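The values are calculated or read from the model by the stated rules, or taken from the named source; none is laboratory data. Every value quoted in this text rests on a predicted model; they were computed, and no experiment measured them. Every residue, glycine as well, gets a Cβ built from its backbone with ideal geometry; the counts of neighbours run over all protein chains shown. For accessibility, only protein heavy atoms count, side chains too; no ligands or nucleic acids. Shrake-Rupley method; radii C 1.70, N 1.55, O 1.52, S 1.80 Å.
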Amino acid sequence: MGVEWAELQPEIVELISKSLTIYADYLRFRCVCHSWRSSLPKTPLHLPPQLPWLMLSSRAFFDLSNNKTHLLNLPLSSHRTRICGSSHGWLVILDETPEVRLLNPITRATIALPPLYTFPNVTSFNYSNIGREYLIRNPYGGVDAFNLRQMCNSFLRKVVLSSSPSQSDDDFTAFAIAGHNNLAFCRKGYDSWVFVIEELYSWEDAVHHNGLFFAVSKGGIIAVCDVDGSFPPHVSIIQTTAPMQFSGDIHYIVFSGEDMLLVTRILEHDFSDEGDESNLVYRTVGFEIFKMNWSLLKWQKIETLGDRMLFIGGNSSLSFSASDFVGCFADCIYYTDDYSESNHDDAYGKHDLGIFRLWDQSIEPLPCYPRNSYSRLGWPLPIWVSPNPC
């Protein structure tokens, strides 16, 4: 005899739910009936990393898998908010105060990180005067003055996390590129940032992999940072060999499986007419990908990603198998603009994002953005965010 779906044993319902790998599918599964909903936890803990959504504004998140926009009302304080990182489903938020905080867009949970004035090279900070001035020790022995907007736009370049804070019993680490030359970290409960290294390298990107943080410089030099062991943290600087054709304006580091990849982004400048003004804007015209040969300590150019696809920008760089998701293409780089805020006076300027196809070196627009559209959204630049319900 048949059994009513609503009368399935809770153990069977739970077993079926653990075969689901997409968060949206899990939500739909819980909504089938009251008994199923009561048999399953609201927050699934078994899900693998999710296909990232594109954050368009403080409310709109675009889902590539179904070409739909999800509306979430985030507690962002103003249009001057800047997002300087997206890692494990959490955003790293800066606004018009010295505070640095983490925000989960799905749960709306927030966690405070040490404020900007706690970085070791901030020699003084005055929040009471109009300029809200920071004095920053530069690597050449001098001191530079920054106001709060400059600090928010350019000092803290990028932050990545070792894990999701809510899944790690609060034992997570935040790792930052501060300015161009400094690498720093903190853990929850720290009241200040700790420098990992102060070197005259221009650090471009950082990522966490197998318990270590990896940073890459403009010339392809690698810093391997163990911040979980002895104090001070152990850092290895690896001088790599770059091929003759090594070029690019922005560098990203990403692990695809166990392969360490370096993605270089090639820009060209153009002029955009808006009203009576003509503004210099940048646009992406191509990418090159290099894989680290650890036996030779050499970056070797590769021509294809195979079944893989990469997501780069202000987020912690991600790699996925395209066959695991609908609505995406293999051998592609999905990219967003992460340079306008720090390199231009207009922090909310032109947006440069799209899909780069390696097999024919072409660029096509993301479904939610027409190619060559440089609209002013009045919000932080679009960024990839992996939906994480916990």
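Miscellaneous remarks
- Cα→Cβ-extended label distance, 7 Å offset, between E4 and L135, nm: 7.6
- Residue ranges 55-67, 33-45, 82-94, 307-319 sort as 82-94, 307-319, 55-67, 33-45 when ordered by packing (mean number of other C-beta atoms within 10 Å per residue, highest first).
- Close amide H contacts of K158 (hydrogens built in the peptide plane, cut-off under 5 Å, sequence separation of 5 or more or a different chain): I177.
- Accessible area (Å², 1.4 Å probe, nearest 10) - D331: 20
- For the stretch 38-84, the alpha-carbon coordinates run over 42, 24, 20 Å along the three principal axes, in decreasing order.
- Straightening the chain between K218 and R37 buys 60.1 nm, computed as 0.36 nm per residue apart minus the Cα-Cα spacing.
- A straight chain from V143 to K18 at 0.36 nm per residue would run longer than the Cα-Cα distance by 39.5 nm.
- Cut-off under 5 Å, modelled amide H: who pairs with W53 long-range: V385, S386
- Percent of Cα-Cα distances greater than 19 Å, calculated over the stretch 183-247: 35
- The stretch 15-81 - percent of accessible surface contributed by carbon and sulfur, probe 1.4 Å: 58
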